[in-house]
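Notes for the one structure printed next.
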């Protein structure tokens, strides 16, 4: 593994400077001599790798995904005349320049540059998000502002460092009790389903970009004219929904020669000693086996390990039961009105309101159709087996209308239609001590020949789409035309991945 200092230096470099060959360079290797790489999963990480491998001509590529459309949780689908995303998604300006350049080339004028215009409900009041200085002064609850001021004063006083760090200790030390109590802690319970004291410190370090007063002030100052960083307060969004990013990568990869087997559910990974020998999958009711030179998996790490045949060692299997994901129900409703609000997203940290976020896709994409109607998407953190998980689409649609009324957002038009999508693995949950179990699986997989595991689900990581694509580009950079994989270079990139922090 590279040293922390080396990783920090590498992390400051652009992806283009780190890559050994240009992203658009083609290697003159005859197709029949190229290694065969099977990529498992057609989300951004899988699609990005397939695109780069095929584009550069360094491998024959086959992509398997159990869904019949690409994109995974970053995809989109058509419903009632709308393009619906799986929750609220944005492409952030923090995207690496090389990745952003490629996406602009693929999407052209369909990649819109949009202003951030959201709201957070805090203490019964609405604050603009991203935070703005004037709005905070005028609209923040006075008790909240006073509490934050007192917390800043108290930060100067010496404090004993906790024996064991957690999500709670990291944020309380960085932000003070007021912001934690009023915003982050209730939001954490809602999003991940457990109290902050039971969450690992890594959950605060990798999931909360504003995890100190200084970082929050810098974010607020980014809203001040003359102090704004390039791209601050803006985001990119495709005209036909967020899934258009994945669809564009899919089309480009297929055009470059990649093969896609959609509707293919992986049933087992065959091992021959310490080498991955084959992938068994069902498609069209038939079980088939594919025997590539390499398997690159973006599938969730725990079920992937459990699918190994023969089974891995007992301690590795045991570790698979100790990592968990938080589920989510996405509730979509169509209202008989042109627009519900002017805001693209609303955030609800308070525990009393079950939903965590509400988005209105028309305010992301500037879509005008269908006229006289708008669609809302509410995110309801929830796990299979919970009472809400069993509710019908119609019940959840009516409940959403009630919840919005409680939040001061009454629905005054007719609810025309409701549907849901249920995500069993929406957010990785970093319980304290999770690192031990992840490392057991991670180390064992790293010891298998012919296997690369990367991406959000396979690395049990919190990330954005641009982080997933960064991993894909990095993996391809480590792959040589002769079919070998530079493990030392990959360890350097893995160190960089650990510095990635989610952009809200």
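Number of residues in the stretch 395-411 that are in contact with a strand residue (DSSP E or B) (Cβ under 9 Å, 6 or more places away or on another chain) and over 16 Å from residue 330 (Cα atoms): the value is 4. Tally up the residues in the stretch 329-349 that are touching a helix residue (DSSP H, G or I) at 6+ places or on another chain (Cβ under 6 Å), closer than 16 Å to residue 382 by Cα and assigned to a strand (DSSP E or B), please. So the count comes out to 1.
Does the stretch 311-331 hold any residues that are over 19 Å from residue 412 (Cβ atoms) and crowded, with 18+ Cβ neighbours inside 10 Å, and which are they? Can you show your working first?
Quick first cut of the stretch 311-331, residues over 19 Å from residue 412 (Cβ atoms) only: 311-330.
Those that are over 19 Å from residue 412 (Cβ atoms) and crowded, with 18+ Cβ neighbours inside 10 Å: 312, 316, 319, 320, 323, 324, 325, 326, 327, 328, 329, 330.
Taking the residues in the stretch 88-133 that are in contact with a strand residue (DSSP E or B) (Cβ under 8 Å, 6 or more places away or on another chain) and free of Cβ contacts under 8 Å to residues at least 12 places away in the same chain as candidates, determine which candidate is nearest to residue 237 (Cα to Cα). Among those that are in contact with a strand residue (DSSP E or B) (Cβ under 8 Å, 6 or more places away or on another chain) and free of Cβ contacts under 8 Å to residues at least 12 places away in the same chain, it is 104.
Taking (1) more than 26 Å from the chain's Cα centre (by Cα); (2) under 18 Å from residue 337 (Cβ atoms) in turn, residue 395 satisfies each apart from (2). On the basis of being in a loop (DSSP other than H, G, I, E, B), modelled with pLDDT of 95 or more and not assigned by TED's automatic domain parsing to the domain that holds residue 199, does residue 455 make the cut? Here the answer is yes, as residue 455 does meet what is asked.
So, in the stretch 57-67, of the ones that are touching a strand residue (DSSP E or B) at 6+ places or on another chain (Cβ under 9 Å) and over 21 Å from residue 243 (Cα atoms), which residue ends up surrounded by the fewest Cβ atoms within 10 Å (Cβ to Cβ)? Only one residue tops the list, namely 60.
Residues in the stretch 213-252 that are at pLDDT below 70, surrounded by 17 or more Cβ atoms within 10 Å (Cβ to Cβ) and assigned to a loop (DSSP other than H, G, I, E, B): 1 in all. Within the stretch 475-498, can one find any residue that is part of a loop (DSSP other than H, G, I, E, B) and closer than 18 Å to residue 434 by Cα? The answer is yes, given that some residue of the stretch 475-498 is part of a loop (DSSP other than H, G, I, E, B) and closer than 18 Å to residue 434 by Cα. Just the residues that are surrounded by fewer than 21 Cβ atoms within 10 Å (Cβ to Cβ) and on the phi > 0 side of the Ramachandran plot, please, taken from the stretch 68-80. Residue satisfying the conditions is 80 alone.
Given 23, 42, which one is surrounded by 14 or more Cβ atoms within 10 Å (Cβ to Cβ), in a loop (DSSP other than H, G, I, E, B), assigned by TED's automatic domain parsing to the domain that holds residue 247 and at pLDDT below 50? One residue alone meets the criteria, 23.
Residue-by-condition table, conditions (1) surrounded by 21 or more Cβ atoms within 10 Å (Cβ to Cβ); (2) part of a strand (DSSP E or B); (3) over 31 Å from the mean Cα position of the chain (by Cα); (4) modelled with pLDDT under 90:
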site	(1), (2), (3), (4)
126	no, yes, no, no
131	no, no, no, yes
135	no, no, no, yes
145	no, no, yes, yes
157	no, no, yes, yes
162	no, no, no, yes
169	no, no, no, no
181	no, no, no, no
189	no, no, no, no
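Comparison of 438, 493 shows that the only residue that is buried (at least 19 other Cβ atoms within 10 Å of the Cβ) and in contact with a helix residue (DSSP H, G or I) (Cβ under 7 Å, 6 or more places away or on another chain) is 493. No other residue among 91, 103, 107 is surrounded by 17 or more Cβ atoms within 10 Å (Cβ to Cβ), within 16 Å of the chain's Cα centre (by Cα) and at pLDDT 95 or above apart from 91. Can you pull out every residue in the stretch 253-264 that is assigned to a strand (DSSP E or B) and either within 22 Å of the chain's Cα centre (by Cα) or free of Cβ contacts under 8 Å to residues at least 40 places away in the same chain (or both)? Listed by number, the list holds a single entry, 262. Reported count of residues in the stretch 332-356, each being surrounded by fewer than 19 Cβ atoms within 10 Å (Cβ to Cβ), touching a residue at least 60 places away in the same chain (Cβ under 8 Å) and closer than 21 Å to residue 77 by Cα, is 1.
Quick check, is residue 270 within 26 Å of residue 54 (Cβ to Cβ), in the same structural domain as residue 65 (by TED's automatic domain parsing) and either out of contact with any helix residue (DSSP H, G or I) (no Cβ under 9 Å at 6 or more places or on another chain) or in a helix (DSSP H, G or I) (or both)? In short, yes. Among the residues of the stretch 284-300, those identified as part of a strand (DSSP E or B) and in contact (Cβ under 8 Å) with a residue 60 or more places away in the chain are 290, 294, 295, 296, 297.
The values are calculated or read from the model by the stated rules, or taken from the named source; none is laboratory data. As the structure is a prediction and not an experimental result, all values here were calculated from the model. Neighbour counts are summed over all protein chains in view; Cβ atoms, including those assigned to glycine, are modelled from backbone coordinates with ideal geometry.
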